[in-house]
Amino acid sequence: MNVSSRHLLPLAAILLLLGLAFPRVSGFASHLARSASGHFQIDAHAAAATAGNRTKGWSDRFGDGTPDFLRLTDPADQSAFRRWFTLIAEYQAIRPRDRVPSEIADCAGLLRFSYREALKRHDDSWFMETGMEVTALPGEVRAWRYPDTPLGAALFRVKPGAFEAPDASNGAFAQFADARTLIERNSYLVTRNVSEAQPGDLLFFRQFGQSSPWHSMIVTRIGGHPAVIYHTGTDHGKPGELRRVLLAELLDHPQPQWRPLPQNPNFLGVYRWNILRGTL
C-alpha cells in the first residue's frame, strides 16, 4: 500500500514514540522504508506478522522454553528457514578451511552459525559479509529477522522451564549454547527413524566416555541421495574438520556407535528446532 509522506510522517512519528514506551510496537515502525522517490511504503506482510506476534503474546504453547513469537508457523517461512539453514551449512564444507568462520570449531558451532545466519536478512551486505554464493535464492523468512526480536541477539534458550515474560531479560537466553543445550533446550525429538528426517533436521549422538560426549549432524538432503554434514570437533588438541557424507555411508559407519539406527543406544534420534514446532 502506497501513501504519501505527508500522511505517513505523522504516523511514523507516533509509532516511533510508542516504540520507546512499548518495544513491541517498534518492530512495525522499523518496516516503514523510504523509497527512491522520497515517499514511504508500508510493508503489509511485515505489519500482519507484527500483529500476529502481538496476538501470540509471551506464551509458550508447547512448554518447551521457546516463546511463541519466535515460532515460524507459516509453512512458507519454515521452508525458507530449512533451505537457508542447509545451504549455509553445506557452503562451509566446500569453502577453503581458512575461510570458514572461526566460530565453527565443533558441531555445535556449525549449528549455531547456520541457524543464526538463516534467520538474518539476506541482502547484498549479507552476501558480502559472509562470502556466500547460491545458485537460486530460497526466499526469505518473513515472520521476523534476527536480531530484531524482543530477545535481541540472545537467540538460544539456556535455562530449563517453559517460557515466561521475564525470561526475555533474565539470562534464560544467550548467544552461545553447546550441543547438549541445543538438544535439551532448543529442539525436540521427532523420531528415531532417520528415514523420516527432513532437510534441516538434526541427528544427535551421545558418545559415553568422551570428554565432549554430545555430537550433532545436520540433515541436508533427502530423496534419492540423502546426506548429512557435521564437524568432527577437536581431536587431541588438533582442529577438526567439516564433512559431508551420504546417509548411506553413515548407516554403514565402521564404528557402530555412529550409525543413526534405533538399536544404537548412542543415537539419540532425529530432532527439530523448536521454532519449527507447529503450523498456522
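Rule-based calculations on the coordinates, nothing more; no lab input. Predicted model only: the values in this text are computed from it and were never measured. Here the Cβ positions follow ideal geometry from the backbone for every residue, glycine too, while neighbour counts run over all protein chains shown.
Whole-Hz Karplus values for the stretch 257-269 come out as 5, 9, 7, x, 10, x, 7, 8, x, 7, 8, 7, x Hz, taken residue by residue from phi with 6.51 cos²θ - 1.76 cosθ + 1.60 and θ = phi - 60°; glycine and proline positions read x.
The amide H of G269, built 1.01 Å from its N in the peptide plane, has F204 as neighbours under 5 Å, considering only residues 5 or more places off or on other chains.
Across the stretch 54-200, the mean sequence separation of Cα contacts (distance under 8 Å, 6 or more residues apart), normalised by length, yields a relative contact order of 31 percent.
Put in order of Cβ neighbour count within 10 Å, fewest first, the listed residues S79, S195 become S195, S79.
Label-to-label distance for E129 and F176 is 2.0 nm, based on points extended 7 Å past Cα in the beta-carbon direction. Which residues in the stretch 140-166 place their backbone N less than 20 Å from a point set 7 Å from the Cα of D74 along the Cα-to-Cβ direction? Only 140-151 fall inside the zone, counting backbone N under 20 Å. Here each label is just a point 7 Å from Cα along the line to Cβ, and for W58 and Q257 those points are 4.4 nm apart. For the stretch 187-276, what does the alpha-carbon gyration tensor say about shape, rounded, prolate or oblate, given a ≥ b ≥ c as the root eigenvalues, a/c under 1.5 as rounded, and a/b over b/c as prolate? Note, shape of the stretch 187-276 comes out rounded. Rounded to the nearest Hz, the phi-derived 3J(HN,Hα) couplings of the stretch 182-187 under the Karplus curve 6.51 cos²θ - 1.76 cosθ + 1.60 (θ = phi - 60°) are 5, 6, 7, 10, 10, 8, where x marks glycine and proline. Rounded to the nearest Hz, the phi-derived 3J(HN,Hα) couplings of the stretch 107-123 under the Karplus curve 6.51 cos²θ - 1.76 cosθ + 1.60 (θ = phi - 60°) are 5, 5, x, 5, 5, 4, 4, 5, 5, 5, 5, 5, 9, 8, 7, 9, 9, where x marks glycine and proline. Give me the net charge of D201's neighbourhood, meaning all other residues with Cβ under 15 Å from the Cβ of D201; Lys, Arg count +1, Asp, Glu -1. Summing Lys/Arg as +1 and Asp/Glu as -1 gives +4.
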